[in-house]
1. Among the listed residues 318, 293, 267, which satisfies the condition of being within 15 Å of the ligand (Cβ to nearest atom), surrounded by fewer than 20 Cβ atoms within 10 Å (Cβ to Cβ), assigned to a strand (DSSP E or B) and under 34 Å from the mean Cα position of the chain (by Cα)?
2. Just to verify a result, which residue in region 321-344, among those that are more than 11 Å from the ligand (Cβ to nearest atom) and not small (Gly, Ala, Ser), is surrounded by the fewest Cβ atoms within 10 Å (Cβ to Cβ)?
3. Based on this model, can you work out whether residue 202 counts as in a helix (DSSP H, G or I), within 22 Å of residue 343 (Cα to Cα), in contact with a strand residue (DSSP E or B) (Cβ under 7 Å, 6 or more places away or on another chain) and within 16 Å of the ligand (Cβ to nearest atom)?
4. Could you tell me which numbered condition residue 229 fails, if it satisfies all but one of (1) over 33 Å from the mean Cα position of the chain (by Cα); (2) under 30 Å from residue 149 (Cα atoms); (3) surrounded by fewer than 16 Cβ atoms within 10 Å (Cβ to Cβ); (4) away from the ligand (no atom under 16 Å from the Cβ)?
5. Just one of 239, 205, 245 is closer than 21 Å to residue 277 by Cα, within 40 Å of the chain's Cα centre (by Cα) and surrounded by 11 or more Cβ atoms within 10 Å (Cβ to Cβ); which is it?
6. Looking only at residues that are outside any strand (DSSP E or B) and either of a type in the set (Lys, Arg) or within 11 Å of the ligand (Cβ to nearest atom) (or both) in region 270-288, which one is nearest to the chain's Cα centre (by Cα)?
7. May I ask you to list pairs of residues, at least six apart or on different chains, whose Cβ atoms are under 6 Å apart, with the first in region 239-262 being touching a residue at least 24 places away in the same chain (Cβ under 8 Å) and charged (D, E, K, R) and the second being buried (at least 18 other Cβ atoms within 10 Å of the Cβ) and assigned to a helix (DSSP H, G or I)?
Amino acid sequence: MNIELIAIYAILIIGWPVLIMMSILIIKRGCGFCKKLKGTILEKLMKPTVIGWIYGMFMLGIVSTAYMLKVHWYYAVIPAFLTFLIAITVIYIAIKKWEKEAIKLQAFYNNLEKLVKERTKKLEKAHEKQIRHEKEIQKLKDQFVFIAAHELKTPVTAIRWGIETALSESKGMLKPEVETYLNDVQASNLRLIRLVDDLLNVARIEAGTIKIEPREIKLNDAINDSVRDVESLFKEKSITLKKEIDENLKVIADPERVKQVLINLLSNAIKYNREKGKIIVETSKDANLAVVSVSDTGIGIEEKDMIKLFTKFCRIESNENQEIEGTGLGLFVSKQIVEKMGGSVFAKSKKGIGSTFGFTIPLKE
Ligand code: ADP
């Protein structure tokens with residue numbers, strides 16, 4: 001055996017296992033990448049590609065070694081073929097081991113997934129139960145408020161008519177201080193009536209039983225009626241009212257509900273205004289909607305508080321409105337009513353300068 005042949009044997013015997021080990025290393029490194037290919041056609045092509053690559057390298061090795069040593073290529077074939085067989089066996093064992101680990105990992109993953117699903121289901125059930133429980137409590141609370149307000153409505157209305165009759169029938173016959181007491185009782189009773197009405201409205205809105213009967217109405221009429229209803233309040237604070245109204249606007253709405261919303265906005269504009277302040281009631285058109293707004297020159301609202309408006313029991317804390325009474329329900333009720341009639345509410349304000357509250361309502365075609 002000449003020296004060249006020994007060199008070929010040495011290269012093939014030492015070189016091929018090194019190449020194979022490198023191949024296995026590359027495959028193992030590529031494991032993360034292989035996971036990404038899971039379920040795709042590339043995953044199926046992976047094994048034959050690796051084997052093909054090693055086989056290709058093997059063929060290239062034989063030819064190039066034989067060429068370099070200038071010997072006939074078949075001197076290299078036998079040892080090369082033997083090492084190739086060893087390589088295939090090593091790769092096969094590695095792949096099998098790899099597959100076993102993958103199966104174990106898959107089983108672990110499946111188990112984990114099952115466990116997570118079970119826990120999530122349990123949590124969802126508990127959450128649903130909690131929500132159901134909260135809804136039941138809320139329903140009971142709403143029912144209680146509705147019943148209480150409903151039961152209060154009859155006596156407070158009776159007190160109102162009783163005092164009104166007593167005051168008108170006994171004109172000039174009562175001692176002045178008694179008349180003052182009766183007037184105070186009447187004012188407190190009216191506040192109570194408003195609170196009862198607001199609570200009833202909220203309860204009806206939440207139960208979905210609020211009655212809204214839309215029909216074609218003249219917006220101008222609803223505005224004039226509402227202004228008339230709060231006329232005495234305007235006088236009390238010497239507030240001047242300006243109307244910039246399109247008299248021909250016709251809308252599809254429930255007249256009583258439109259009045260309810262307008263009275264609420266107007267009484268707020270008076271309540272939160274300064275003495276001798278101003279209020280402007282405006283109407284305009286925006287596409288197929290009528291826009292109504294009530295602007296005042298009152299205390300205004302800070303930017304950060306704007307988001308709270310129109311929510312239930314919203315009372316904005318400030319030095320200026322500490323003394324002003326209210327339930328925090330008027331704007332909430334107004335919003336619900338306007339939305340039920342197909343419109344929306346809006347508000348703009350600047351602290352210390354004034355506010356504009358308004359709503360839109362569908363125009364008659
Ligand atoms: P309230 O009965 O308290 O007036 P509303 O729901 O009508 O209830 O109003 C909620 C809150 O919004 C009021 O407490 C007040 O702080 C603020 N607000 C409403 N209208 C005005 C306004 N025109 N100017 C300033 N603040 C207002």
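A short reminder: the numbers here are calculations on the coordinates, not readings from a lab. Quick caveat: nothing in here was measured; it's all calculated off a predicted structure. In this analysis, Cβ positions are derived from the backbone assuming ideal geometry, glycine residues included, and neighbour counts consider all displayed protein chains.
1. The unique qualifying residue is 293.
2. Among those residues, the one meeting the criterion is 323.
3. For residue 202, the condition - in a helix (DSSP H, G or I), within 22 Å of residue 343 (Cα to Cα), in contact with a strand residue (DSSP E or B) (Cβ under 7 Å, 6 or more places away or on another chain) and within 16 Å of the ligand (Cβ to nearest atom) - is not met.
4. Just one mismatch for residue 229, condition (4).
5. None of the others qualify; the one that does is 245.
6. Per the criteria, the residue is 272.
7. So the pair list comes out as 257/337; 259/222; 259/226.
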